[in-house]
1. Report the residue count in region 113-139 for those that are closer than 19 Å to L23 by Cα and not in a loop (DSSP other than H, G, I, E, B).
2. Those residues that are surrounded by fewer than 16 Cβ atoms within 10 Å (Cβ to Cβ) and part of a helix (DSSP H, G or I), I need them from region 46-73; list them, please.
3. Applying the selection to region 26-45, what residues are of a type in the set (K, R) and assigned to a helix (DSSP H, G or I)?
4. Out of everything in region 85-110 that is surrounded by 19 or more Cβ atoms within 10 Å (Cβ to Cβ) and β-branched (V, I, T), what residue ends up being farthest from I10 (Cα to Cα)?
5. Which condition breaks for F62 when tested against (1) more than 15 Å from I11 (Cβ to Cβ); (2) of a type in the set (F, W, Y); (3) at pLDDT 95 or above?
6. Of everything in region 58-104 that's of a type in the set (A, V, I, L, M) and out of contact with any strand residue (DSSP E or B) (no Cβ under 7 Å at 6 or more places or on another chain), which residue is nearest to S119 (Cα to Cα)?
7. Would you check which residues across region 17-50 are of a type outside the set (A, V, I, L, M) and in contact with a helix residue (DSSP H, G or I) (Cβ under 8 Å, 6 or more places away or on another chain) and list them?
8. In region 15-25, is there at least one residue being assigned to a loop (DSSP other than H, G, I, E, B) and crowded, with 20+ Cβ neighbours inside 10 Å?
Amino acid sequence: MLQQKNSHKIIFHADDDEDDRMLFMDAVTELNLPIKVQQSEDGQKLLDCLYSPQLEIPEIVFLDINMPGKSGFECLEEIRNAEDPLKHMKIIMLSTSSNIENVELSFELGADFYAVKPSTFHGLKSLLAEILTLEWNASWNKKQFFLT
């Protein structure tokens, strides 16, 4: 797998909802940060892309939980069991649900954060701004894991 050093951050977003993918891309664009976004409409396509030798390894992966084929949970588990450098990517689980079982499972499987999808474009943009500008060298505890 190729990992080239660029002046921009590379992120990947996997979500089966086309509208959510478009809103995500629009929000990132409006943030005007040096970010390159790649997207996939399901979990299996995400994994296929991540294992592609042509892919620049993303720093952050945003994973929708409920996707056809492989769910976000299945993708998370496979990524965390992969070899370097994949297993060290930051993974943000996204869901419309704040169900505590989903939050707990995400934490147990090794996600870095669990975020409830905001209901507005402004909310999504604010959430992405918060995540994309985090100091990732800090250590997080379980209480900081759940973003709403």
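The values are calculated or read from the model by the stated rules, or taken from the named source; none is laboratory data. Computed from a prediction, not measured in an experiment: that's the story for all the values here. Quick reminder, even Gly has a Cβ in these numbers, built from the backbone with ideal geometry, and neighbours come from all protein chains shown.
1. Residues flagged as closer than 19 Å to L23 by Cα and not in a loop (DSSP other than H, G, I, E, B) within region 113-139 amount to 15.
2. Listed by number, the list holds a single entry, D48.
3. Narrowing region 26-45 to residues of a type in the set (K, R): 36, 45.
Listed by number, the list holds a single entry, K45.
4. Going through the qualifying residues, I end up with V103.
5. (1)
6. First, the residues of region 58-104 that are of a type in the set (A, V, I, L, M): 60-61, 63, 65, 67, 76, 79, 82, 86, 89, 91-94, 100, 103.
When the remaining residues are screened for being out of contact with any strand residue (DSSP E or B) (no Cβ under 7 Å at 6 or more places or on another chain), the result is 82, 86, 100.
On the way: A82: 33, L86: 30, I100: 19 Å.
My answer is I100.
7. Of region 17-50, the ones of a type outside the set (A, V, I, L, M) are 17-21, 24, 26, 29-30, 32, 34, 36, 38-45, 48-49.
Answer for region 17-50, where residues must be of a type outside the set (A, V, I, L, M) and in contact with a helix residue (DSSP H, G or I) (Cβ under 8 Å, 6 or more places away or on another chain): F24, D26, E30, Q38, Q39, S40, E41, G43.
8. Going through region 15-25, the residues assigned to a loop (DSSP other than H, G, I, E, B) turn out to be 15-17.
Of the ones still in play, those that are also crowded, with 20+ Cβ neighbours inside 10 Å are 15.
Yes, some residue in region 15-25 is assigned to a loop (DSSP other than H, G, I, E, B) and crowded, with 20+ Cβ neighbours inside 10 Å.
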